[in-house]
Amino acid sequence: GITSYLYHLNRGIKESGLSSMIASSGGEMSTAFLEKGIPTLLLPIQTKNSMSPKLFAAWHTLHKRAKKERWSLIHAHTRVSQCLAHLLSKSLGIPYVTTFHGYYRYHAFRKTFPCLGQKTIAISRSVEIDLKNHYPHFSDQIKTILHGIDVSHFSSNAVSESDKETLRKKIGLTNDPVIGILSRLSVEKGHLPLLDVIYHLTKERGERLQ
């Protein structure tokens, strides 16, 4: 989820003539970012502890990099990186924004140190409502911005008809239209609206679906 989000977002930033950099603990898509000319910085931040010593080592590395390259904005996507972005913003005077990709447990530490940034992006309306319920004093800065889709990447023309037919036979599909969803079973992923769509198409319009 977050990796795909960052990949398409940074491709768009680069195509707009701006520059960006990814700081993370690495992963399978690191090569894909580099192939698109998006530099990546490997940091030891693979932790869920917002007070981990790893954060302070990462802060030191990013602080030097930000001053050298004159960063103008920081964008954080996980709780740990949000705390890190908050520390960098305070020490460097650089604004930061955060994106919330789902629901979180709002324990005392998070409520005391929300680290929401100057602007807070919710990936869906339900996530926005949840954030505003827990952080009512920050309601004005929280807004839903839906993730853009690279339609060419998901175009049916990107896959040959022979490959489609081979896959259909492999998994036992007929030539009827196929509707599917690939995501974890969580309310913000939209499984319930999808069931409503399937019901409408099959019961009310008589469509044959798989």
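The values are calculated or read from the model by the stated rules, or taken from the named source; none is laboratory data. Computed from a prediction, not measured in an experiment: that's the story for all the values here. Every residue, glycine among them, receives a Cβ derived from its backbone with ideal geometry; neighbour counts consider all protein chains shown. Remember, those area values only see protein heavy atoms, side chains included, never the ligands or the DNA or RNA. Shrake-Rupley method; radii C 1.70, N 1.55, O 1.52, S 1.80 Å.
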Condition check for Ser126: surrounded by fewer than 11 Cβ atoms within 10 Å (Cβ to Cβ) and of a type in the set (Gly, Ala, Ser): no
Among (1) touching a residue at least 24 places away in the same chain (Cβ under 8 Å); (2) closer than 24 Å to Asn10 by Cβ; (3) among the aliphatic types (A, V, I, L, M) - the single one Val151 does not satisfy: (1)
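Among the residues of region 177-202, write down those that are part of a helix (DSSP H, G or I) and modelled with pLDDT of 80 or more. Full working, then the answer.
First pass over region 177-202, keeping only residues part of a helix (DSSP H, G or I): 187-189, 191-202.
Correct list: His191, Leu192, Pro193, Leu194, Leu195, Asp196, Val197, Ile198, Tyr199, His200, Leu201, Thr202.
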Output for region 106-123, where each listed residue is among the basic types (Lys, Arg) and either out of contact with any helix residue (DSSP H, G or I) (no Cβ under 9 Å at 6 or more places or on another chain) or open to solvent by 70 Å² or more (accessible area, probe 1.4 Å) (or both): Lys111, Lys119
Hits in region 54-70 - residues which are open to solvent by 60 Å² or more (accessible area, probe 1.4 Å) and over 19 Å from Gly26 (Cβ atoms): Phe56, Lys64, Lys67, Lys68, Glu69, Arg70
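Can you pull out the residues in region 188-210 that are open to solvent by less than 100 Å² (accessible area, probe 1.4 Å) and under 27 Å from the mean Cα position of the chain (by Cα)? Give the derivation first.
Our first condition is that a residue be open to solvent by less than 100 Å² (accessible area, probe 1.4 Å); within region 188-210, this holds for 188-191, 193-194, 197-198, 200-202, 206-207, 209-210.
Passing the criteria: Glu188, Lys189, Gly190, His191, Pro193, Leu194, Val197, Ile198.
For region 53-73, state whether one or more residues are among the hydroxyl-bearing types (Ser, Thr, Tyr) and touching a helix residue (DSSP H, G or I) at 6+ places or on another chain (Cβ under 8 Å). Please lay out each step first, then the result.
Of all residues in region 53-73, those among the hydroxyl-bearing types (Ser, Thr, Tyr) come to 61, 72.
Add one more test, that the residue is touching a helix residue (DSSP H, G or I) at 6+ places or on another chain (Cβ under 8 Å), and what stays is none.
There is no residue in region 53-73 that is among the hydroxyl-bearing types (Ser, Thr, Tyr) and touching a helix residue (DSSP H, G or I) at 6+ places or on another chain (Cβ under 8 Å).
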Residue match in region 44-65 (condition: out of contact with any Gly (no Cβ under 7 Å at 6 or more places or on another chain), at positive phi and of a type outside the set (Asp, Glu)): no
Test for Gly190: is it in contact with a His (Cβ under 8 Å, 6 or more places away or on another chain) and within 19 Å of Ile2 (Cα to Cα): no
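Output the number of residues of region 18-29 satisfying the condition of being within 18 Å of His75 (Cα to Cα) and either open to solvent by less than 70 Å² (accessible area, probe 1.4 Å) or assigned to a strand (DSSP E or B) (or both).
Initial filter on region 18-29 (within 18 Å of His75 (Cα to Cα)): 18-26.
Narrowing further to those that are either open to solvent by less than 70 Å² (accessible area, probe 1.4 Å) or assigned to a strand (DSSP E or B) (or both): 20-26.
Selection size over region 18-29: 7.
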Near pairs, Cβ below 6 angstrom, 6+ apart or cross-chain, from region 182-195 (among the hydroxyl-bearing types (Ser, Thr, Tyr)) to any residue that is surrounded by 10 or more Cβ atoms within 10 Å (Cβ to Cβ) and at pLDDT below 80: Ser183/Lys189
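Does region 129-176 hold any residues that are in a loop (DSSP other than H, G, I, E, B), more than 29 Å from Arg208 (Cβ to Cβ) and open to solvent by less than 60 Å² (accessible area, probe 1.4 Å), and which are they? Reasoning before the result, please.
Step one: of region 129-176, the residues in a loop (DSSP other than H, G, I, E, B) are 135, 145-150, 155, 159-160, 172-176.
Of the ones still in play, those that are also more than 29 Å from Arg208 (Cβ to Cβ) are 135, 145-148, 150.
If the condition is that a residue be in a loop (DSSP other than H, G, I, E, B), more than 29 Å from Arg208 (Cβ to Cβ) and open to solvent by less than 60 Å² (accessible area, probe 1.4 Å), then Tyr135, Gly148, Asp150 are the ones that fit.
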